[in-house]
Amino acid sequence: MKKIKKILPTLILIAIVGTITFFVGKQIGLNTDQTSSSTTVENVTVGKQTIKKTLTGSGEIETSKIEKLSLSTSYYFETMCVEDGDIVKSGENILKYTNGTYLKAPYDLVVSSHSVPETKYQATSSHYVEVQNLEDLIITLNINENEISNISLEEEVEISLTADTSQKYTGKISKIDWVGSYASSGTTFPVEISLENDENIKIGMSVSCTINISELTDVLAVPIAGVQINGDRKYVLLVENGETKEVDIRYWNV
């Protein structure tokens with residue numbers, strides 16, 4: 001059974017022009033007679049940045065294909081060359097027939113299970129070797145209905161292994177389901193991400209995925225800590241020519 005994880009949106013920044021002074025207050029004493037407080041003042045110069053809106057989520061590495069390799073019904077079985085759980089490279093031997101020929105791996109794979117006749121008996125259509133593809137892997141994520149329109153097939157996905165976050169891989173969105181799963185929190189749609197194995201990825205490993213759904217370049221932005229909020233109003237304190245004034249700003253949902 002596939003384990004499907006929910007993918008979550010990451011929202012970004014705000015933008016204005018100038019040099020900003022922002023205040024962070026912390027209450028340090030309170031009694032019935034007086035209130036003492038301390039306020040920190042910090043100046044920040046606005047600079048140009050690249051702002052991205054991303055979807056992030058975690059999932060599990062799975063094989064893209066599980067299949068049962070058929071044995072030749074014209075030959076007689078001699079012996080298995082591998083055991084269940086073994087990794088077999090493309091072209092290597094999986095089992096041997098009595099005539100000296102072999103069933104070979106069609107691609108890099110791991111043997112899951114097998115059903116073979118007794119030695120020197122002829123194979124039938126019921127005999128097989130079940131394998132999992134190790135070359136082409138997939139990750140399945142669940143994306144909320146509010147974000148599903150922001151992604152498309154063949155879009156690149158940044159993938160990192162939980163066991164080694166320094167290892168970065170690039171996958172692509174290979175499938176977007178048309179049928180979602182309803183829940184009280186909203187409908188989600190399974191999205192399949194495909195990637196090639198560099199021989200370091202094992203089936204069942206956990207990963208984190210990042211999809212860049214929109215981007216703005218060379219925009220002026222300030223730290224979120226510099227935003228002052230008064231009801232529905234959002235503003236910063238702008239310093240120009242030694243004078244301070246309030247400047248309304250807005251969030252950019254890129």
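Things worth noting here:
- Criterion: in contact with a Gly (Cβ under 9 Å, 6 or more places away or on another chain), under 30 Å from Glu155 (Cβ atoms) and not basic (Lys, Arg) - qualifying residue of Val247, Val207, Val239: Val207
- Within segment 160-168, not a single residue is more than 29 Å from Asp86 (Cβ to Cβ) and in contact with a helix residue (DSSP H, G or I) (Cβ under 8 Å, 6 or more places away or on another chain).
- Test: residue in segment 228-245 that is surrounded by 12 or more Cβ atoms within 10 Å (Cβ to Cβ) and either outside the structural domain of Asp177 (by TED's automatic domain parsing) or part of a loop (DSSP other than H, G, I, E, B) (or both): no
- Any chance Ala221 is over 30 Å from Ile139 (Cβ atoms) and part of a helix (DSSP H, G or I): no
- Selection from segment 71-85 of residues that are under 43 Å from the mean Cα position of the chain (by Cα), surrounded by 14 or more Cβ atoms within 10 Å (Cβ to Cβ) and assigned to a loop (DSSP other than H, G, I, E, B): Leu71, Ser72, Cys81, Val82
The values are calculated or read from the model by the stated rules, or taken from the named source; none is laboratory data. This one's a predicted model, so the numbers in the text were calculated from it and none came from an experiment. All Cβ positions, glycine included, derive from the backbone under ideal geometry; neighbour counts span all protein chains shown.
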